[in-house]
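First the structure, in the form of structure tokens, and then the observations on it.
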Amino acid sequence: MIKVKNVTFAYNEGGKLALNDINVSFEKGKYIAILGHNGSGKSTLSKILTGIIKPTSGEVWIKDILLSKKTLNEARKNIGIIFQNPDNQFVGATVEDDIAFGLENKRMSPEKMREIIYDLAKKVDMFEHLEREPQNLSGGQKQRVAIASILALDPSIIIFDEVTSMLDPKGKSDVLTLIRDIQQTREKTLISITHDMDEAILADELLVLSNGKVIAQGSPQEILKNKEIIEKAKIDSPFIYKLSSKLKGISPTYDANELLEQICK
Ligand SMILES: Nc1ncnc2c1ncn2[C@@H]1O[C@H](COP(=O)(O)OP(=O)(O)OP(=O)(O)O)[C@@H](O)[C@H]1O
Ligand SMILES: [Mg+2]
């Protein structure tokens, strides 16, 4: 689905490498979480994948398209991105207009369009707010509208760049539930950049960056029990893991159900 081959990137010619020889691939339908300390290169990698910036060297393949100036528009149809800051990602005057925007080039009847908008608005629990101006919504509501507007475009890949980091616990949990619902359909490849370990354990796969390099890729279970990686990447252990490691007679786990089973035994 996505292939990154020997990608290197420096913001300034001859300057520090923000990405240093990255080689990764992401399979269709997977939910991948990208972790790493501040400045490790996560956002740079997401900008490379969406073609916002061009690698200094190396190749990026989206589906079977090699990213280049010529293929950029075509490749971008496959990929949507949602940013950390809930503001500045709206184009419509109302929630409805914003979701509609992505559908406008698709030449469908107004009835069909309305049906899709209503479906998406319900999916993200914003049906009651279709007439409202996006600026006046809460952070969590804004992110849910942004997700609906991206879903309207129906890209096969969606990148979430720390979309929950500016939200309160309720907003965060609503958005994570929504991401999980999309994950469960297995129709889209989801790439989520996050500092939130409780989100990371939900992913199928983790990619860990440190100083512009990939230092680990694999299942959350495999990676998060590796102390060396955790320390090198300066990432935190998930709450369930910290809790289970402190309990007497319980083996450390990332799985809430497994922890419950152990406790109830
Ligand atoms: N526009 C820019 N111009 C110059 N250097 C930049 C720019 N954006 C990022 N960098 C540098 O590139 C490196 C990688 O930054 P990047 O934004 O990809 O990190 P990140 O992993 O997303 O960090 P964070 O967790 O803080 O969002 C850092 O050293 C950063 O200072
Ligand atoms: Mg970033």
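Data overview
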read-out: Residue ID - most open to solvent (accessible area, probe 1.4 Å), chosen from residues in the range 40-58 that are more than 16 Å from ligand 2 (Cβ to nearest atom) and either touching a residue at least 60 places away in the same chain (Cβ under 8 Å) or more than 16 Å from Lys213 (Cα to Cα) (or both); value: Lys54
read-out: Search result, residues across the range 107-148 that are in contact (Cβ under 8 Å) with a residue 40 or more places away in the chain, open to solvent by 60 Å² or more (accessible area, probe 1.4 Å) and over 17 Å from Asp181 (Cβ atoms); value: Glu133, Gln135
read-out: Hits in the range 181-209 (condition: outside any loop (DSSP other than H, G, I, E, B) and among the hydrophobic types (A, V, I, L, M, F, W, C)); value: Ile182, Leu190, Ile191, Ile193, Met197, Ala200, Leu206, Leu207, Val208, Leu209
read-out: Failed item in (1) away from ligand 2 (no atom under 16 Å from the Cβ); (2) open to solvent by 40 Å² or more (accessible area, probe 1.4 Å), with Lys234 passing the rest; value: (1)
read-out: Test result for Leu45, within 16 Å of ligand 1 (Cβ to nearest atom), in contact with a strand residue (DSSP E or B) (Cβ under 9 Å, 6 or more places away or on another chain) and of a type outside the set (Gly, Ala, Ser); value: yes
read-out: Test: Leu259 is in contact with a helix residue (DSSP H, G or I) (Cβ under 8 Å, 6 or more places away or on another chain), in a helix (DSSP H, G or I), open to solvent by 50 Å² or more (accessible area, probe 1.4 Å) and among the hydrophobic types (A, V, I, L, M, F, W, C); value: no
read-out: Within the range 94-138, tally of residues that are of a type in the set (Lys, Arg), part of a helix (DSSP H, G or I) and more than 17 Å from Gly80 (Cβ to Cβ); value: 3
read-out: Criterion (over 22 Å from Ile32 (Cα atoms), in a loop (DSSP other than H, G, I, E, B) and of a type in the set (Lys, Arg)) met by exactly one of Lys234, Lys242, Lys248; value: Lys248
read-out: Odd one out for Gln84, checked against (1) closer than 27 Å to Asp181 by Cα; (2) part of a loop (DSSP other than H, G, I, E, B); (3) of a type outside the set (Lys, Arg); (4) modelled with pLDDT of 95 or more; value: (4)
read-out: Test result for Ala33, open to solvent by 10 Å² or more (accessible area, probe 1.4 Å), touching a helix residue (DSSP H, G or I) at 6+ places or on another chain (Cβ under 7 Å) and either within 16 Å of ligand 2 (Cβ to nearest atom) or not aliphatic (A, V, I, L, M) (or both); value: no
read-out: Filter result (open to solvent by less than 10 Å² (accessible area, probe 1.4 Å), more than 16 Å from ligand 1 (Cβ to nearest atom) and either part of a loop (DSSP other than H, G, I, E, B) or in contact (Cβ under 8 Å) with a residue 60 or more places away in the chain (or both)) within the range 152-178; value: Pro155, Ile157, Ile158
read-out: All positions within the range 33-42 that are near ligand 1 (Cβ under 6 Å from one of its atoms) and over 18 Å from Ile179 (Cβ atoms); value: Gly36, Asn38, Gly39, Ser40, Gly41
read-out: Which numbered condition Asn73 fails, given (1) polar (S, T, N, Q); (2) more than 16 Å from the chain's Cα centre (by Cα); (3) surrounded by 15 or more Cβ atoms within 10 Å (Cβ to Cβ); value: (3)
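The values are calculated or read from the model by the stated rules, or taken from the named source; none is laboratory data. Computed from a predicted structure; not experimentally measured. Backbone-built Cβ (ideal geometry, glycine too); neighbour counts: all protein chains shown. The area values use the complete protein model at the heavy-atom level, side chains included, leaving out ligands, DNA and RNA. Shrake-Rupley method; radii C 1.70, N 1.55, O 1.52, S 1.80 Å.
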